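Below: one structure, written as structure tokens.
The values are calculated or read from the model by the stated rules, or taken from the named source; none is laboratory data. Just so you know, these numbers come straight off a predicted model, no measurement behind them. Positions of Cβ are backbone-derived with ideal geometry, glycine not excepted, and every protein chain shown enters the neighbour counts. Remember, those area values only see protein heavy atoms, side chains included, never the ligands or the DNA or RNA. Shrake-Rupley method; radii C 1.70, N 1.55, O 1.52, S 1.80 Å.
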Amino acid sequence: MIYAGLSLLNIIGVIMDELIKSITEAEEKAAALKNDAVIKAGQIIEDARNQAAKIEAESSEQCSRYIDERLKAARVQAEKDYNAYIAKSKADAKIYADDMKKHTDATVGKIVGRITDGNS
């Protein structure tokens, strides 16, 4: 800018006006940038909350399915273990009863036979 024909005081006044104008423009730009940043931050936070809710729902569903699968497998295994235990217990009881029949008289043997074999 050419300041020809102006006094030093006028030049300083013009420079001050330009400086104030530059500062005001910079403040306005800064305020606009801050406003844009606040809006963007709000959008990022909202997106993060939505993503977190989605992940929570998916995780909850996956955990629920996993628990259901594990419970089903545990029930199947428990049924197998139960049946094996019952079968072994019956076999052990039969061996015990057969051994008892050998060591008792005929009448007691018939009673035990009725109980264990269902014979009359």
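Overview of results
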read-out: Sum of side-chain charges, Asp81 neighbourhood, beta-carbon under 12 Å (Lys, Arg +1; Asp, Glu -1); value: +2
read-out: The chain: radius of gyration over Cα atoms, expressed as a fraction of 2.2 N^0.38 Å; value: 3.44
read-out: Gap separating the Cα centres of the range 12-32 and the range 45-120, nearest whole Å; value: 84
read-out: Net dipole in debye of the chain [+1 Lys, Arg Cβ; -1 Asp, Glu Cβ; about Cα centre; nearest 20]; value: 1280
read-out: Summed residue charge, Cβ within 12 Å of Asp117's Cβ, Lys/Arg positive, Asp/Glu negative; value: +3
read-out: The chain, accessible area per residue, ligands and nucleic acids excluded (1.4 Å, Å²); value: 87
read-out: Overall form of the range 1-44 per C-alpha gyration tensor (a/c, 1.5; a/b vs b/c); value: prolate
read-out: Using alpha-carbon coordinates, inclination of helix 106-117 to the longest axis of the chain, degrees; value: 30
read-out: The chain, accessible surface, carbon-and-sulfur percent (1.4 angstrom probe); value: 61
read-out: Neighbourhood net charge (12 Å Cβ-Cβ; Lys/Arg +1, Asp/Glu -1) for Gly42; value: -1
read-out: Of every Cα-Cα pair in the range 48-88, the percent that sits beyond 13 Å; value: 64
read-out: Degrees between helix 8-102 axis and first principal axis of the chain (Cα, 0 to 90, nearest 10); value: 0
read-out: Residue-averaged [θ]222 nm for the chain, counting only DSSP H segments that reach four residues, each worth -39500 (n - 2.57); value: -33500 deg cm²/dmol
read-out: Probe 1.4 Å - accessible area at Asp81, Å² to nearest ten; value: 80
